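Notes for the one structure printed next.
The values are calculated or read from the model by the stated rules, or taken from the named source; none is laboratory data. Computed from a predicted structure; not experimentally measured. Reconstructed Cβ throughout: ideal geometry from the backbone, glycine too, with neighbour counts over all protein chains shown.
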Amino acid sequence: MSDSICRWGFLGAAAIARKNWKAIRLSGNGRVAAVASRSVERAQCFIDECAAEAPQSEPAVAMGSYEELIRSDDIDAVYIPLPTGIRKPWVIAAAEAGKHVLCEKPVGVNTKQVREMLDACRAANVQFMDGVMFDHSQRIEDVSHALHHDHVVGKLRRINTHFSFCGDDSFLESNIRANHELEPHGCLGDLGWYCIRFTLWAAGLQMPERVSARTITAIGNPQGQPHVPGEFSAELQFGEGLSATFYCSFLTSNQQTAVVSGDRGHLTIDDFVLPFYDSQAHWATHDHALEIENCRWNFNRKTQSRSSVGYASGEPNSQEVQMVRRLATCALHNKLDLRYPELTLKTQLILDACRRSAIANGDWVNVDAVAG
């Protein structure tokens, strides 16, 4: 391995991989060394199209099999955007080959799978990280500090997140996120993963004690496979009076909002997953006041607009660039950051509890009961 450049290999040519290609190009400490796909031609087409927008000083090599890439001595870290249903053996194979792993989310079909992947990475002394980009943004650090050090909203009482977009008929019929074999968690895995992750950050990484959840609307594809959640909601209960709720959907218009409420105010974000296009990421705190004087009742707005440094995407300080730069730093210095596998495991534990509750028609499920 070079002292300054992490050599990345991509297992697959998914659409999101294009964003991470550019992120690696902008990171300053990495380059895409190889891309593997179902055929060399498909891999080369992906490389050519990405390099046309974000060229590298050294060209990436196209490979026709995932095994070839994982065996390569010219790869230090592997990015794995493969579908959830088939991902586990490739994560483990990459770890056993000594490759650091950036893995798309949801990470596994269940907690047992995720533990096996994380154990393999730990045994091989390689970094594991899932693909939640906002984990690496300046905004999530600023919001977390404001909530838990500055106590800007006082004692936390409620966390509310919503992440949705409205898929068209072709999405609902043929997209892999509606395919039980490939993406068994549907919108809960694709969108709810982010809601759960933000809830963890807002709660200071403490775990909920129990959850109650429902699949509001199930969707499927014409091949007659089992349905997956297309619209999902959950209620989470923590200790000390804190509760949370989230809603995620493939059937509702584009929204990605978060509200954190305390006994002295509340905090809002309108774009907690993918920031609106700007050179800063915005958020706000509020302490509105109802003022009563005889017959006059005035509800006065008291809002403090805040922002954190960081472009929405495609710039050196954007969140996806910070993500790949951070993993590459771990790889280059052989120093693991254990916060990220911990975040992955906690998120999967909550997701699994939500699925079990939904199957039980919303019955309360203890999160630690699905820790196996």
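Could you give me the residue pairs with C-beta distances under 7 Å whose first residue belongs to the stretch 91-113 and is under 26 Å from HIS180 (Cα atoms) and touching a residue at least 40 places away in the same chain (Cβ under 8 Å), whose second residue is among the small types (Gly, Ala, Ser) and crowded, with 24+ Cβ neighbours inside 10 Å wherever it lies, and which are 6+ apart or on separate chains? Pairs found: LEU102/ALA77; PRO106/GLY189.
Which one is nearest to the chain's Cα centre (by Cα), of the residues in the stretch 64-108 that are among the small types (Gly, Ala, Ser) and crowded, with 24+ Cβ neighbours inside 10 Å? Give the steps one after another, and end with the answer.
Going through the stretch 64-108, the residues among the small types (Gly, Ala, Ser) turn out to be 64-65, 72, 77, 85, 93-95, 97-98, 108.
Subsequent filtering for residues that are crowded, with 24+ Cβ neighbours inside 10 Å retains 77, 94-95, 108.
Numbers: ALA77: 19, ALA94: 20, ALA95: 20, GLY108: 13 Å.
For the stretch 64-108, the residue satisfying everything is GLY108.
Condition check for SER170 on (1) part of a helix (DSSP H, G or I); (2) more than 14 Å from the chain's Cα centre (by Cα); (3) more than 17 Å from THR84 (Cβ to Cβ); (4) in contact (Cβ under 8 Å) with a residue 60 or more places away in the chain: one failure, at (4).
Is it fair to say TRP21 is out of contact with any Ser or Thr (no Cβ under 8 Å at 6 or more places or on another chain), in contact (Cβ under 8 Å) with a residue 24 or more places away in the chain, buried (at least 19 other Cβ atoms within 10 Å of the Cβ) and over 22 Å from HIS136 (Cα atoms)? Answer is no for this residue. Taking residues in the stretch 299-311 that are farther than 26 Å from SER27 by Cα, and partners anywhere that are hydroxyl-bearing (Ser, Thr, Tyr) and surrounded by 12 or more Cβ atoms within 10 Å (Cβ to Cβ), the pairs with Cβ atoms closer than 6 Å and at least 6 places apart or on different chains are GLN304/THR285. Can you say whether LEU351 is loosely packed, with under 13 Cβ neighbours inside 10 Å and modelled with pLDDT of 95 or more, as far as the supplied structure shows? Here the answer is no, as LEU351 does not meet what is asked. The residue that is surrounded by the most Cβ atoms within 10 Å (Cβ to Cβ), among those in the stretch 262-284 that are in contact with a Gly (Cβ under 6 Å, 6 or more places away or on another chain) and under 19 Å from ARG157 (Cα atoms), is GLY262.
If you go through the stretch 315-334 and keep only what is touching a helix residue (DSSP H, G or I) at 6+ places or on another chain (Cβ under 8 Å) and not polar (S, T, N, Q), you end up with GLU315, PRO316, GLU320, VAL321, MET323, VAL324, ARG325, ARG326, ALA328.
For the stretch 320-340, how many residues are farther than 14 Å from ILE140 by Cβ and part of a helix (DSSP H, G or I)?
10
Matching residues to (1) among the basic types (Lys, Arg); (2) touching a Ser or Thr at 6+ places or on another chain (Cβ under 8 Å); (3) within 24 Å of SER318 (Cα to Cα):
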{"position": "LEU191", "(1), (2), (3)": "no, yes, yes"}
{"position": "ARG197", "(1), (2), (3)": "yes, yes, yes"}
{"position": "LEU200", "(1), (2), (3)": "no, yes, yes"}
{"position": "THR245", "(1), (2), (3)": "no, yes, no"}
{"position": "GLY265", "(1), (2), (3)": "no, yes, no"}
{"position": "TRP283", "(1), (2), (3)": "no, yes, yes"}
{"position": "ARG296", "(1), (2), (3)": "yes, no, no"}
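Taking each residue of the stretch 184-200 that is without any contact (Cβ under 8 Å) to a residue 12 or more places away in the chain and looking for partners that are assigned to a helix (DSSP H, G or I) and among the β-branched types (Val, Ile, Thr) with beta-carbon atoms closer than 6 Å, six or more apart or interchain, yields nothing.
Of the strands (runs of 3 or more DSSP E) entirely within the stretch 203-319, those holding at least 1 residues that are assigned by TED's automatic domain parsing to the domain that holds SER144 and touching a Lys or Arg at 6+ places or on another chain (Cβ under 7 Å) occupy 228-237, 243-249, 251-262, 280-286, 289-293, 303-309.
Going by the conditions given, is ASN361 in contact with a Phe, Trp or Tyr (Cβ under 7 Å, 6 or more places away or on another chain) and assigned to a loop (DSSP other than H, G, I, E, B)? For ASN361, the condition - in contact with a Phe, Trp or Tyr (Cβ under 7 Å, 6 or more places away or on another chain) and assigned to a loop (DSSP other than H, G, I, E, B) - is not met.
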